[in-house]
Amino acid sequence: MAPKNDRNPGMPLDLDWVMGAHINRSAVERRTATLPGRRSIKKEWQAAWLLRAVTCIDLTTLSGDDTPGRVKRLCAKAKQPVRLDMLEALGVGEEKITVGAVCVYPHRVKDAVEALRGTDIPVASVATGFPAGQTPLAQRVAEIEQAIESGAREIDVVIHRTHVLTGDWGALYDEVKQFRATCGSAAHMKTILATGDLGTLKQVYQASLVAMMAGSDFIKTSTGKEKTNATFEVGLVMARAIREYWERTGYKVGFKPAGGIGKAKQVLVWQALMRDELGAEWLMPDLFRIGASELLTDLERQLYHHITGHYAARHHMPMG
């Protein structure tokens, strides 16, 4: 088995493994339907899990009206995501609790890097023709280079969905492998599968395998721009692919659900899914991230309720 902290180097494309994939959709739906009820987490344990979720957030702004000022405010929140008085009330006032990363467009990377200077919080950048992946390959590779040159330490790439929909696994593998080579040692790579566009759970599983074979550090559900984003069904399928890859190769690949995750109760289910399917290591930010822009406010409100017994108004939990 590979050492815990070794990055996934990838492997040659194994088409027999990819083509041999089978998914029982009804079994997946039965399994995920039981998660919210069976995995209820209460009181002190819930507060601990919610604090852990804060550290796994990729705090994100991907809007056409992003400005340097908005990015600066987001980074301020990333550095102090939960009010200090609340952390002290929870008994963790001495802990340095930050989000997992700040995620922005390539053009805003420099703004985020400057705002986070002096911290260990990495800047993540979407790239490769986000969100559709329909720009020429050379242009998509150049976006990765540009983001890294600006200071990004994590790159969220999007795949060309056509490769999955037509079953051209060789083309998908070559593309993602090139993205990984471009990231090199400068940045970890999260591969966005855009699962809502992929048609079937089997194709989600196959695309997950190919992305990991090509060297992805994380696989990610969605861009947040599709009609259907992160669902527990695709999450289970992708987690099973990660587990099979780990068992066969010894390398641990991270998982990132993204899109439509705005409530603390959703996060608790995602965390339970990770623990059940992959183990406690996948509750930590080096193997689990949550792509979100509004989730943090609800996490803070739930923590405030745990402390005081009532909910704070949303404006008492500003985003910066």
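A short reminder: the numbers here are calculations on the coordinates, not readings from a lab. Please read all numbers here as calculations on a predicted model, not as lab measurements. Here Cβ is always computed from backbone atoms with ideal geometry, including for glycine, and neighbour counts include all displayed protein chains.
Measuring from a point 7 Å past the Cα of Thr166 along Cα-to-C-beta, which residues in segment 106-137 have an amide N at less than 15 Å?
Residues 134-137 fall inside that zone.
Decide, for the chain, between rounded, prolate and oblate: order the square roots of the alpha carbon gyration tensor eigenvalues as a ≥ b ≥ c, take rounded if a/c falls under 1.5, and otherwise choose prolate if a/b is larger than b/c, else oblate.
Oblate, because a/c is 1.5 or more while a/b does not exceed b/c.
Hey, can you rank 94-101, 283-290 by average C-beta count inside 10 Å, highest first?
283-290, 94-101
Going by alpha carbons, how many degrees (0 to 90, nearest 10) lie between the helix axis of 68-79 and the longest principal axis of the chain?
Relative to the chain, helix 68-79 is tipped by roughly 70 degrees.
Which order do peptides 184-194, 77-87 fall in by mean Cβ count within 10 Å, highest first?
Per-residue Cβ counts within 10 Å, averaged per peptide and sorted highest first, yield 184-194, 77-87.
What's the ranking of 140-146, 251-257 by average number of surrounding C-beta atoms within 10 Å, highest first?
Result, highest mean first: 251-257, 140-146.
Quick one: if you stick a label point 7 Å off each Cα along the C-beta vector at Lys72 and His305, how many nm between them?
Modelled inter-label distance: 3.5 nm.
By how many nm would the segment from Ala48 to Glu29 lengthen if fully extended, with 0.36 nm per residue of separation less the alpha-carbon distance?
4.0 nm
Subtracting the Cα-Cα distance from 0.36 nm times the residue separation, let me have the gained length for Arg243 to Ala142 in nm, one decimal.
Going from the current span to full extension adds 33.1 nm.
Return the sequence-ordered ³J(HN,Hα) values of segment 176-183 in whole Hz as given by the Karplus equation 6.51 cos²θ - 1.76 cosθ + 1.60 applied to θ = phi - 60°, using x for Gly and Pro.
In residue order, the calculated couplings are 5, 4, 5, 4, 5, 5, 5, 5 Hz.
Tally Lys and Arg at +1 and Asp and Glu at -1 over the other residues with C-beta under 15 Å from the C-beta of Glu226: what net charge comes out?
Taking every other residue near Glu226 into account, the sum is +2.
Under the Karplus relation 6.51 cos²θ - 1.76 cosθ + 1.60, θ = phi - 60°, what is the ordered set of whole-Hz ³J(HN,Hα) values for segment 12-17, x standing for Gly and Pro?
So the Karplus estimates, Gly and Pro as x, are x, 4, 10, 5, 4, 5 Hz.
With each label point set 7 Å from Cα along the Cα-Cβ vector, what nm distance links His22 and Ala280?
Roughly 3.5 nm, to one decimal.
Decide, for segment 195-252, between rounded, prolate and oblate: order the square roots of the alpha carbon gyration tensor eigenvalues as a ≥ b ≥ c, take rounded if a/c falls under 1.5, and otherwise choose prolate if a/b is larger than b/c, else oblate.
Here segment 195-252 falls in the prolate category.
Can you compute 3J(HN,Hα) from phi for each residue in segment 93-108, using the Karplus curve 6.51 cos²θ - 1.76 cosθ + 1.60 with θ = phi - 60°, rounded to whole Hz and x for Gly and Pro?
x, 7, 7, 8, 9, 10, 6, x, 6, 10, 10, 9, 6, x, 5, 9
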